1. F61: net charge of surrounding residues, Cβ under 12 Å, Lys/Arg +1, Asp/Glu -1, itself excluded?
2. Let me know the number of lysine pairs in the chain closer than 18 Å at the Cα, not counting same-chain pairs under 8 apart.
3. On average, how much accessible surface per residue is there in the chain, in Å², for a 1.4 Å probe, leaving out ligands, DNA and RNA?
4. Given q = 0.15, 0.16, 0.31, 0.33 Å⁻¹, what are the Debye log10 I(q)/I(0) values for segment 52-97, with equal point scatterers placed on the Cα positions and solvent ignored?
5. With a point put 7 Å past each Cα toward its Cβ, work out how far H127 is from L114 in nm, to one decimal.
6. Just from its helices, what would the mean residue ellipticity at 222 nm be for the chain, if runs of 4 or more DSSP H residues each count -39500 (n - 2.57) and the sum is divided by every residue, rounded to the nearest 500 deg cm²/dmol?
7. Over the chain, what is the mean sequence separation of C-alpha contacts under 8 Å (at least six apart), divided by residue count, expressed as relative contact order in percent?
8. Please report the carbon-and-sulfur percent of the accessible area for the chain; probe 1.4 Å, protein heavy atoms only, DNA, RNA and ligands left out.
Amino acid sequence: MPGLLADDITGIILVGGKSRRMGRDKAFLELQGRPLFERVLDLFRECFPKVMLVGDRGERFAGYSLDVIPDLIPGSSLGGVYTGLSGADSEWIFVSSCDLPFPSKAILQHLCSLRQGYDAVVPKTRHGYEPLFALYSKRCLEPIRELLEGGECCAYAWYPQARVKEVDPEAIAHLDPAGTAFLNLNTPEDVINTGGIT
């Protein structure tokens with residue numbers, strides 16, 4: 001497939017959130033007439049040879065010819081990362097939440113270019129880590145499993161147990177001049193503030 005960024009990375013889109021604060025399924029909020037998650041799907045299909053979804057109610061995505069993997073450990077985004085790593089055939093996965101209106105190909109490419117010598121590559125913004133637009137290898141499975149089995153589901157609490165490349169805000173600011181790459185939508189107010197989403 002021409003134009004692929006890497007043939008050993010699987011794109012994983014997390015679609016298992018309950019959208020409680022939004023009140024409706026965030027994956028299918030529409031931006032310019034298309035479901036929101038399709039923006040991530042289009043980017044991943046452009047960059048990776050395989051894309052998989054992690055979450056429940058797989059029938060929602062019946063028309064997309066995608067594998068949908070139920071969460072092995074439901075209830076958290078970290079469980080979704082663990083499920084994606086467990087279910088992928090590739091050594092690496094790139095994870096994204098389904099509710100990014102403006103996922104950045106430039107940032108995705110930059111993160112993937114930094115993986116040599118690391119177990120994960122995770123961007124940071126002034127708000128902190130962005131673990132749901134990040135790159136993980138199967139070497140992360142064990143520390144994540146140990147954390148989840150201990151009842152902890154913080155998406156980055158396991159980082160000290162792995163070789164994690166933290167990409168500072170300064171290193172990605174020029175790739176996201178509008179500051180929208182990590183915007184996600186959690187509440188109806190977020191939708192209103194973003195504009196153009198119905």
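1. Cβ neighbours under 12 Å give a net charge of -3.
2. 6
3. Accessible area per residue, the chain: 47 Å².
4. The calculated log intensity ratios at q = 0.15, 0.16, 0.31, 0.33 Å⁻¹ are -0.35, -0.40, -1.22, -1.28.
5. According to this spin-label approximation, the distance is 1.8 nm.
6. Per the formula, -7000 deg cm²/dmol.
7. Reported as a whole number, the value is 24 percent.
8. Solvent-exposed carbon and sulfur of the chain make up 50 percent of the total.
The values are calculated or read from the model by the stated rules, or taken from the named source; none is laboratory data. Computed from a prediction, not measured in an experiment: that's the story for all the values here. Every residue, glycine among them, receives a Cβ derived from its backbone with ideal geometry; neighbour counts consider all protein chains shown. Note: accessible area is taken over every heavy atom of the protein model, side chains too, but ligands, DNA and RNA are not part of it. Shrake-Rupley method; radii C 1.70, N 1.55, O 1.52, S 1.80 Å.
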